[in-house]
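Everything on this sheet refers to the single structure shown next.
The values are calculated or read from the model by the stated rules, or taken from the named source; none is laboratory data. This structure is a prediction, so every number in the text was calculated from the model and none was measured. All Cβ positions, even for glycine, are placed from backbone atoms using ideal geometry, and neighbour counts span all protein chains on display.
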Amino acid sequence: MIQDSKSRVDLDILKNKINDISAFFKNTLSSTDNRPLVGWFCTYTPEELIVAGGFIPVRIFGRKKIIKSESYFPINFCPYIKSSWESLLSDADNFKAVIFTNSCDGMRRFFDTTNKYLKDTPSYLLDVPHLRGAGSIDFFANNIGNMKRFIENLNGKKISRREIENAVSLINRKRKLLKKYSQIFTKLPELISISSYFKVMELSMISAPEIFTDDLERYLKFIMEAGAENITKLQPNYKNTPAIMIIGNFITEEKLWGMLSAMNLKLASDDLCISSRYFEKQIELGDDSDFLDLIAERYLNKPQCMRMADLGLKLKEIENNIIKNNIEGVIFISLKFCDTVLYSFPLLKQKLNQLGIPALYLEIEYNNFSEGQLKTRVQAFLEML
């Protein structure tokens, strides 16, 4: 009994150490890299070209308090866009440029607003097709070429093939390590909290990729060594816990992840644009390959967003994930007023019913939700499972 108590204490100390993200990523958090920043919003944005152009790609997460931006958009408008516009109104001078995609009608209106009111901040709208076929890849490759020229104009110099190859290699390495981290997280849920997992994912999108990737590699090495030593102590705690999959859009709510961590929810898989849709699939460049085609192919064939036209393909992706990870319940989380995602849920619910998988639907504001209400609903859902 005394030995078991000591093991539990040792495990708690180890868990606290692993979840001290600021300690493992201190180089990332204290970086003095002076390269100019280029902001981006959507995972269909090729980071490789931003890096090759000599910039740091930074995903804009927005501000928690929305004050000024309310006067620019309707009340029933995407809260993430409002939050991001609030950020740009205050911090536009921090960015050399901002790159948008036509991911939804709201984002297109966001681009128009930025063009009108922030004329000193260059902005570019990348047109992403809604299909994945050969014609779509050619179309997207041409648009990526236009984006490349936009970045070249920012820097006043051409981007060489060698610079693109180096950038592809770097971002591939980051994606590979993030995928490895995701796999470790699902295998060792007691060591890595949900909050820490998504904190690392967010850092990967706002940090200098070279520094972040080095920090992540050291972090993974420590976790793997610690996990190997303590694996026999970990499994019983989650043996009878149902495996949950979270599906949604741009969910970055720290309080939500903290709430789920405190409930010891076993997150076995996810389909979110701040996680798997971001790091899945590599770019393979050959000696004679057309790098624009290969970049376009990677981005169109990664786990797709609900904005893509072939929803049947998306449902198949989710079904494969459910079977592969033995998912027992799905939590579907959407930001308010996200029509693209809301239109998809009825068909997804129908598919889950066919698979015999219970689902819980949650709709939240961006950076603002009722924790008590959501906690009650999630607890009831888990008890039902």
Does at least one position in the range 283-295 carry a residue that is under 23 Å from Y197 (Cβ atoms) and either touching a His at 6+ places or on another chain (Cβ under 6 Å) or not assigned by TED's automatic domain parsing to the domain that holds C78 (or both)? no
In the range 143-176, the residues that are touching an Asp or Glu at 6+ places or on another chain (Cβ under 6 Å) and either modelled with pLDDT under 95 or buried (at least 17 other Cβ atoms within 10 Å of the Cβ) (or both): N143, I159, A167, V168, I171
What pairs come out if I take residues in the range 59-75 that are in contact (Cβ under 8 Å) with a residue 24 or more places away in the chain and pair them with residues that are of a type in the set (K, R) whose C-beta lies under 9 Å away, six or more apart or interchain? G62/K82; Y72/K82; F73/K82; F73/R109
Pairs, please: C-beta under 8 Å, at least 6 apart or cross-chain, first residue more than 23 Å from F95 (Cα to Cα) and in the range 119-135, second of a type in the set (D, E, K, R) and buried (at least 18 other Cβ atoms within 10 Å of the Cβ)? H130/R307
Selection within the range 268-297 - modelled with pLDDT under 90 and either out of contact with any helix residue (DSSP H, G or I) (no Cβ under 9 Å at 6 or more places or on another chain) or more than 16 Å from S169 (Cα to Cα) (or both): D287, D288, S289
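Please verify whether A359 is surrounded by fewer than 19 Cβ atoms within 10 Å (Cβ to Cβ) and either assigned by TED's automatic domain parsing to the domain that holds F140 or in contact with a His (Cβ under 8 Å, 6 or more places away or on another chain) (or both), treating the condition exactly as stated.
Working: surrounded by fewer than 19 Cβ atoms within 10 Å (Cβ to Cβ): yes; either assigned by TED's automatic domain parsing to the domain that holds F140 or in contact with a His (Cβ under 8 Å, 6 or more places away or on another chain) (or both): no.
Taking the combined requirement at face value, the residue does not satisfy it.
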Does E297 satisfy being under 26 Å from L203 (Cα atoms), surrounded by 16 or more Cβ atoms within 10 Å (Cβ to Cβ) and of a type in the set (D, E, K, R)? yes
Name the single residue, out of those in the range 109-135 being under 21 Å from R149 (Cβ atoms) and surrounded by fewer than 17 Cβ atoms within 10 Å (Cβ to Cβ), that is nearest to the chain's Cα centre (by Cα). D127
Residues that are closer than 30 Å to N240 by Cα, at pLDDT 95 or above, out of contact with any Lys or Arg (no Cβ under 7 Å at 6 or more places or on another chain) and of a type in the set (A, V, I, L, M): does the range 330-348 have at least one? yes
Cβ-Cβ under 8 Å pairs, at least 6 apart or on other chains, the range 8-35 side closer than 17 Å to E202 by Cβ and among the charged types (D, E, K, R), far side in a helix (DSSP H, G or I) and at pLDDT 95 or above: K26/D215
Conditions first: (1) assigned to a loop (DSSP other than H, G, I, E, B); (2) within 30 Å of E225 (Cβ to Cβ). L14 passes all but one, so which condition is the exception? (1)
Has the range 193-201 got at least one residue that is in contact (Cβ under 8 Å) with a residue 12 or more places away in the chain, touching a strand residue (DSSP E or B) at 6+ places or on another chain (Cβ under 9 Å) and surrounded by fewer than 22 Cβ atoms within 10 Å (Cβ to Cβ)? no
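Per-residue answers, yes or no, for (1) among the hydroxyl-bearing types (S, T, Y); (2) free of Cβ contacts under 8 Å to residues at least 60 places away in the same chain; (3) in contact with a Leu (Cβ under 9 Å, 6 or more places away or on another chain):
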site	(1), (2), (3)
T114	yes, yes, yes
I137	no, no, yes
F140	no, no, yes
I159	no, no, yes
S169	yes, yes, yes
R173	no, yes, no
Residue list for the range 255-267, filter: more than 16 Å from the chain's Cα centre (by Cα), modelled with pLDDT of 90 or more and either more than 18 Å from Q373 (Cβ to Cβ) or of a type in the set (G, A, S) (or both): G258, S261, A262, K266
Quick check: anything in the range 82-92 modelled with pLDDT of 95 or more, surrounded by fewer than 17 Cβ atoms within 10 Å (Cβ to Cβ), of a type in the set (D, E) and more than 19 Å from I211 (Cα to Cα)? no
